[in-house]
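One structure is given below, encoded as structure tokens.
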Amino acid sequence: MSNQALHFAVIAHDAVGQRRKYTDVPYIVHPIRVANIVHEFRGTKDMIAAAYLHDTVEDTNVTMEDIQSNFGPDIAVIVEGLTDVSIPSDGNRELRKAIDRQHSADASYEAQFVKCADIIDNSSDISNMDPSFWKVYQREMKLLLDVMDKVKTTPIYTAATKAVK
């Protein structure tokens, strides 16, 4: 399933021409790194598949229905928990992040686990490439990690916490 998820994510991100901010490399390098972190911390195969897919609904033309029909309900639940639900009309960045933070707090253990890997990978890029935004991101991720109760006792949570210090 992981190879199918990787292939699906490559096509989805390429279809919209998405590139990684700061480095302009193909976007898929980020989901691959997130999946590798999930694997390193002994995440399940479904978590690894969801890591490959975690930005497809937010950033491409893929829908949750596409995820469900191609990967089944277990992976779809993880991806849904990783997908931001706020929209621009919800208000300013702070209000939108609060909405998304509550969504993450309500998400499954598996989604929170993958989100920790996402935070670890993004922290590395942002802290090195955008010091002014790093301060904003750091504050937002500390608030997010504070509400991710389902994974607080895991090594990946500890690593994510260290990544945003």
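When restricted to residues that are out of contact with any Phe, Trp or Tyr (no Cβ under 6 Å at 6 or more places or on another chain) and within 22 Å of A111 (Cβ to Cβ), the range 17-42 contains 14. Of the residues making up the range 131-165, just one is of a type in the set (V, I, T), in a helix (DSSP H, G or I) and in contact with a Lys or Arg (Cβ under 7 Å, 6 or more places away or on another chain), namely V147.
Residues that are crowded, with 17+ Cβ neighbours inside 10 Å, over 16 Å from C116 (Cβ atoms) and touching a His at 6+ places or on another chain (Cβ under 9 Å) within the range 16-51 comprise Y27, I28, listed in sequence order. Taking the criterion of being buried (at least 17 other Cβ atoms within 10 Å of the Cβ) and under 20 Å from Y109 (Cβ atoms), the residues of the range 58-73 that qualify are I67, F71. Could you check the range 91-101 and list, in sequence order, the residues that are assigned to a helix (DSSP H, G or I) and either surrounded by fewer than 13 Cβ atoms within 10 Å (Cβ to Cβ) or at pLDDT below 95 (or both)? Matches in the range 91-101: R93, E94, L95. If you check N128 against the conditions, is it surrounded by fewer than 23 Cβ atoms within 10 Å (Cβ to Cβ), of a type outside the set (F, W, Y), over 14 Å from the mean Cα position of the chain (by Cα) and not in a helix (DSSP H, G or I)? The answer is no for N128.
The values are calculated or read from the model by the stated rules, or taken from the named source; none is laboratory data. Source: prediction; values computed, not measured. Backbone-built Cβ (ideal geometry, glycine too); neighbour counts: all protein chains shown.
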